[in-house]
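What follows is one structure encoded as structure tokens, with my remarks underneath.
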Amino acid sequence: MSATGEIAALIQRSGPIPFDVFMEHALYGSEGFFTRGGGAGRSQRDFVTSPHVGSLFGALVGRALDREWDALGCPDPFVVIEAGAGDGRLARDVWRSAPRCLRALRYVLVERSPALRAEQAAYLPLVDAAQCFGPYAPAADSDADDPLEPVEGTGPLFAQLETMPARKVDGVVLANELLDNLPFAIAELGADGWMEIRVAVASAAPPSVLGAYGRDNPRHTHREPDRARLVELAVPLAETVFEPFDVDVPVGARVPLPRALHGWFAEAGAALRPGRGVVLLVDYFVPFAEVVARSPHWLRTYRAHAIAGSPLDEPGATDITADVPLEAAVRAANGAGLRVASVERQADWLRDLGIDELVAEGDAIWEARASVGDLAALAARSRGNEAAALTDPTGLGAFNVLRLTR
């Protein structure tokens, strides 16, 4: 059954569903966008994230991990949990950049999509995940019944999991462009109060205009689920939205309700030992006032490197993403015992990590080896273009990096 059929069958059983439930099925269901292997990359993919611009981003993330490793006193093992690791490109580039923490590094790639986990396995020397929290051996002066101790200097080790690990570690939880894909609901301020936008099945109704953010008048139908047409339905919202953020919202404006943030931050916080780890997030973090001002364009869809149409048109075939209200992320993080250490633009974060230095180094390598034109020379030459894309204030450079401490 297609993603449309799966969603339509659910609606026919339970009635109109919240947009976050629709999004969960559209992205992560049995025929969902990510389940089928859609996502970041160049050829035959749908959008480009910072790791897919080139290897420079991974090298700079490696420097950021070294910085965190130093701050923690150089623990071994040093566990990095990359949530939403996709095809593993970032992990590969961190590895190739040979950060100082490499011999202590245990890198755990958390990815829900079986198709993307298969791609990770094709490019990384994966071990059983238990080894990333070890390997362990008895201490030299211990009795047989004493606790085992980790063996140092065995990194780098790479492993994959479908969900976040269930133990606390010393290290970093890292996520690049993940939170914007966590399922969110949609609310609209009507003349009589807040309404929630749900997804329904309709027939003989005007085409869905969720992409333009109007409304249909859905009527249920007995047509086959795979041939069903999905439309939106506004119902009274049974919860408080964003009044505590002290932002005036005009009638007709729509805002995301990022309900999944609370569960995700709870898992991220639970994976780190108190005082022994940080969370590094790179994403579309936007102040709530700006989200309101952008309505309805804070919601976007992508397919084959182009903006797609309404998310209801072809669920499973398009990415669905949104700006993440910064205040909502901070509130959810605080609820999980995490505290904001810094928020800065990706461009500034990368400059602080030495992106200009690496570009200058690449220019020198190219000048010395241009006559040879080997892969090393060509890669060095590309650093300037990569840096321009990663720091573009109208593109990736405008992303925000949120650093949280446990």
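The values are calculated or read from the model by the stated rules, or taken from the named source; none is laboratory data. This structure is a prediction, so every number in the text was calculated from the model and none was measured. All Cβ positions, even for glycine, are placed from backbone atoms using ideal geometry, and neighbour counts span all protein chains on display. Ligands, DNA and RNA are stripped out before the accessible areas are found, and what is left, the full protein with its side chains, is counted by its heavy atoms. Shrake-Rupley method; radii C 1.70, N 1.55, O 1.52, S 1.80 Å.
Would you confirm, using the coordinates I've provided, whether A329 is in a helix (DSSP H, G or I) and either modelled with pLDDT under 95 or under 28 Å from G269 (Cβ atoms) (or both)? In short, yes.
Rundown of residues vs (1) under 19 Å from the mean Cα position of the chain (by Cα); (2) surrounded by 18 or more Cβ atoms within 10 Å (Cβ to Cβ); (3) modelled with pLDDT under 95; (4) aromatic (F, W, Y), yes/no style:
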position: A317; (1), (2), (3), (4): yes, yes, yes, no
position: E344; (1), (2), (3), (4): yes, no, no, no
position: D348; (1), (2), (3), (4): no, no, no, no
position: D352; (1), (2), (3), (4): no, no, no, no
position: I355; (1), (2), (3), (4): no, yes, no, no
position: W366; (1), (2), (3), (4): no, yes, yes, yes
position: L378; (1), (2), (3), (4): no, no, yes, no
position: R383; (1), (2), (3), (4): no, yes, yes, no
position: L396; (1), (2), (3), (4): yes, yes, yes, no
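The requirement of being open to solvent by less than 60 Å² (accessible area, probe 1.4 Å), over 14 Å from the mean Cα position of the chain (by Cα) and either modelled with pLDDT under 90 or of a type in the set (K, R) (or both) is satisfied by A137. If you go through region 237-246 one residue at a time, do you hit one that is farther than 20 Å from L179 by Cβ, buried (at least 18 other Cβ atoms within 10 Å of the Cβ) and at pLDDT below 95? Within region 237-246 (the criterion being farther than 20 Å from L179 by Cβ, buried (at least 18 other Cβ atoms within 10 Å of the Cβ) and at pLDDT below 95), the answer is yes, since at least one residue qualifies. Checked across region 264-274, the condition of being under 20 Å from M23 (Cβ atoms) and either open to solvent by 30 Å² or more (accessible area, probe 1.4 Å) or among the hydroxyl-bearing types (S, T, Y) (or both) holds for at least one residue. Taking the conditions exactly as written (within 27 Å of R63 (Cβ to Cβ) and exposed (fewer than 14 other Cβ atoms within 10 Å of the Cβ)), does D374 satisfy them or not? Spelling it out, D374 is indeed within 27 Å of R63 (Cβ to Cβ) and exposed (fewer than 14 other Cβ atoms within 10 Å of the Cβ). From the list V292, V286, V282, the lone residue that is under 24 Å from L65 (Cα atoms) and of a type outside the set (S, T, N, Q) is V282. Given the residues G58, G54, G84, G62, which is the only one that is in contact (Cβ under 8 Å) with a residue 40 or more places away in the chain and within 23 Å of L179 (Cβ to Cβ)? Residue meeting the stated conditions: G84. Looking across region 67-108, the residues that are aliphatic (A, V, I, L, M) and crowded, with 24+ Cβ neighbours inside 10 Å come down to V79, V80, I81, A83, A85, L90, A91, V94, L105, V108. Can you tell me how many residues within region 386-406 are touching a residue at least 12 places away in the same chain (Cβ under 8 Å) and farther than 30 Å from G335 by Cα? Of the residues in region 386-406, 7 are touching a residue at least 12 places away in the same chain (Cβ under 8 Å) and farther than 30 Å from G335 by Cα. Remark: L189 falls outside the filter, which requires a residue to be modelled with pLDDT of 95 or more and either surrounded by 20 or more Cβ atoms within 10 Å (Cβ to Cβ) or out of contact with any His (no Cβ under 8 Å at 6 or more places or on another chain) (or both). If only residues of region 13-35 that are of a type in the set (S, T, Y) and touching a Ser or Thr at 6+ places or on another chain (Cβ under 9 Å) are counted, the one that is farthest from V201 (Cα to Cα) is T35.
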